[in-house]
1. Sort segment 14-143 into rounded, prolate or oblate with this rule: let a ≥ b ≥ c be the square roots of the eigenvalues of the Cα gyration tensor; rounded if a/c is under 1.5, and if a/c is not under 1.5, prolate when a/b is larger than b/c, oblate otherwise.
2. Run the dipole for the chain about the Cα centre, Lys and Arg Cβ at +1, Asp and Glu Cβ at -1, nothing else charged, and hand back the magnitude in debye, nearest 20.
3. Going 7 Å from the Cα of residue 104 in the Cα-to-Cβ direction, what parts of segment 45-66 have a backbone nitrogen less than 16 Å from that spot?
4. Select from segment 47-85 those trypsin sites (Lys or Arg not before Pro) which occupy a DSSP coil region and have at most 12 other Cβ atoms within 10 Å, ordered by residue number.
5. Run the numbers for residue 112 and residue 157: contour at 0.36 nm per residue of separation, minus the present Cα-Cα distance, in nm.
6. Using the alpha carbon gyration tensor of the chain, what are the three equivalent-ellipsoid semi-axes (square root of 5 times each eigenvalue), largest first, in whole Å?
7. Could you compute the FRET efficiency for residue 234 and residue 214, with r as their C-beta to C-beta distance and R0 at 41 Å, rounded to 0.05?
8. Work from the charge dipole of segment 12-219 (Cβ charges, +1 for Lys and Arg, -1 for Asp and Glu, about the Cα centre) and give the residue of 217, 80, 95 farthest towards its positive end.
Amino acid sequence: MTNVDGDAGPPIRVMWVGNSYTYYNNLMHLFFQLGKRVGPEGGPKTDLRQLCMTEPRKGFLDHAGDFEAVLGAFQPSILVLQDVSHGPGGGDAELLAKTRESIKTVFGPAIAKVKSVRKVVLFQTWGRETMPLYPGFLEMNQRTKEGYEQYKKDLIDAGVKESSVEIARVGDAFRWLHDHAKVLWQSFYFDDIGHPTVPATLLVAFVVFLAAFETAQMPDDDRLLKLPVVVSEDVRTLLKRVAVHVQRGGEEPHDVASQWKSVLLCSQ
C-alpha cells in the first residue's frame, strides 16, 4: 500500500506489521497526514510511502515467515510492529514464549541487517474488559505494557540499536483516560474484540506519530485530518495532550479532561 502526495522531498518509507488494529478507521492514512506535514525530525514537509503487512487477528508469529524478505525488499526507514492484542501480556504463555523466540531469531536479526531502518516503533496496544485470558482492562493493559517492554529488550539483545527502538505508549494513553475521563474511555471500544472507535483511532495516530518522529511537534491545526466522523475540537485537544503526556512526558491535561463532558464527542 503506497501513499504519495505532491512534490515533497524524498519519501519516508513506513512499514506496518500487525493486524486490523493497524488499519482500523484508516489509521495509516491519519498517520500519513500527520507525518507529511512535518517531515523527518521536524524538518521540511515530506512524502510518506507506506506498506501494510497486516492481516486480521494475526501477530508476530504469523508474519515471521515473510518478514525478512518483505523488510529487505521495501527498505523502510520507520517500522511499526504490533502483536496480536492478547499476546504480549502472557495470557497464553506458550504463545508468548514462541513470540519472544521469533523476535530473537527472526525479527531482531532481520532488522539489524537492514541499514535503512532508523526507527522501530512497538505499537503498545490496550487492555479491555472482555478478553477471557485476563480478568479486566487494568490487568490486561499493565501486562501488555510490560510485554512490549520485554519485546524492546529482546530486539536490542538481538542486535537492534537501542536508540532506534521506541514504544508507542497507546495503552498508557487509554489508561490515563480510564482514570481521568472514564466515560470518554468507555466510548473508545467499537466491539468486543477491542477495535477502536474513531476518536480512539485519532489518539492512536497521535501517539504513534510522536513515537516515530521523536523531535517533531504535533501539528497546530489537525482539523484537516480526514475522519469518517467529526471529532469535536475539545476532544481533539484532550487527545493530543494525552498523547504528548504519555509519549513525551508533557503536562497532564486535567484542565481539559474536566471540561470534556459538556462537549459532544462526535457527530455524523
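1. Values: a/c = 2.25, a/b = 1.40, b/c = 1.61.
Oblate is the answer for segment 14-143, as a/c is 1.5 or above yet b/c matches or exceeds a/b.
2. On the way: 30 positive and 33 negative charges, 84 e Å.
Roughly 400 debye for the chain.
3. Backbone N within reach: 61.
4. Working: sites: 49, 57, 58; in loops: 57, 58.
Taking segment 47-85 and a limit of 12 other Cβ atoms within 10 Å, the loop trypsin sites (Lys or Arg not before Pro) found are 57.
5. Values: separation 45, 0.36 × 45 = 16.20 nm, distance 1.06 nm.
Additional length available on full extension: 15.1 nm.
6. On the way: eigenvalues 149, 112, 48 Å².
Over the Cα atoms of the chain, the semi-axes work out to 27, 24, 16 Å.
7. Numbers: r = 27 Å, r/R0 = 0.67.
Computed FRET efficiency for residue 234 and residue 214 comes out at 0.90.
8. Final value for the positive-end residue is 217.
Every number here is computed from the coordinates shown, using simple stated rules; none is lab data. These figures come from a predicted structure and were not determined experimentally. Neighbour counts are summed over all protein chains in view; Cβ atoms, including those assigned to glycine, are modelled from backbone coordinates with ideal geometry.
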